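To keep things clear, I will list the structure first and then write my remarks on it.
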Amino acid sequence: MIEWQVDSPEELMNWHEAMEYAESLGDGWRLPTRGELADAYDNKVEGFKDSYYWSSSTIAQNTNNAMVVHFNYGRVNLDSKTNSYYVRCVTGP
């Protein structure tokens, strides 16, 4: 079972900054996968803003983009890694 970060950052980050931030937390913290974010939306996990959140998920055909999930309406998009969105990390399997 994964554990969601309680005190996630208030500032928006691009994908590379988000990956560095997750790594800086140490001890197994990471960006969630697209599936983990979608599950959090479906299960109404508290603590998310009505906005997009970065996932660690990318696709091989377009490495300039990564998957994001919107927590107002559950939309999953592929978006440029240079855009800035919220970050909420997870730890666990």
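The values are calculated or read from the model by the stated rules, or taken from the named source; none is laboratory data. All values derive from a computational prediction rather than experimental measurement. Backbone-built Cβ (ideal geometry, glycine too); neighbour counts: all protein chains shown. Keep in mind that these areas ignore ligands, DNA and RNA; they rest on the heavy atoms of the full protein, side chains included. Shrake-Rupley method; radii C 1.70, N 1.55, O 1.52, S 1.80 Å.
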Restricted to region 10-39 and to residues being in contact with a Phe, Trp or Tyr (Cβ under 7 Å, 6 or more places away or on another chain) and in contact (Cβ under 8 Å) with a residue 40 or more places away in the chain, the residue nearest to residue 88 (Cα to Cα) is 31
For region 29-55, name all the residues that are exposed (fewer than 12 other Cβ atoms within 10 Å of the Cβ) and on the phi > 0 side of the Ramachandran plot. 44
Inside region 69-89, the number of residues satisfying the requirement of being in contact with a helix residue (DSSP H, G or I) (Cβ under 6 Å, 6 or more places away or on another chain) and under 23 Å from residue 27 (Cα atoms) is 2
Residue 58 fails exactly one of (1) open to solvent by 90 Å² or more (accessible area, probe 1.4 Å); (2) of a type in the set (Val, Ile, Thr); (3) under 13 Å from the mean Cα position of the chain (by Cα), namely (1)
With respect to the numbered conditions (1) of a type outside the set (S, T, N, Q); (2) at pLDDT below 95; (3) open to solvent by less than 50 Å² (accessible area, probe 1.4 Å), which one is the sole condition not fulfilled by residue 93? (3)
If you scan region 57-90, which residues turn out to be under 18 Å from residue 20 (Cα atoms) and of a type in the set (Phe, Trp, Tyr)? 85, 86
Which pairs turn up if I take residues in region 46-60 that are at pLDDT below 95 and look for partners that are open to solvent by 40 Å² or more (accessible area, probe 1.4 Å) and not charged (D, E, K, R) with beta carbon separation below 8 Å, at least 6 apart in sequence or on another chain? 59/78
Testing residue 67 on (1) in contact (Cβ under 8 Å) with a residue 24 or more places away in the chain; (2) open to solvent by 50 Å² or more (accessible area, probe 1.4 Å), one condition comes back false. Which one is that? (2)
What's the number of the condition residue 20 fails, among (1) open to solvent by 50 Å² or more (accessible area, probe 1.4 Å); (2) among the acidic types (Asp, Glu); (3) in contact with a strand residue (DSSP E or B) (Cβ under 7 Å, 6 or more places away or on another chain)? (3)
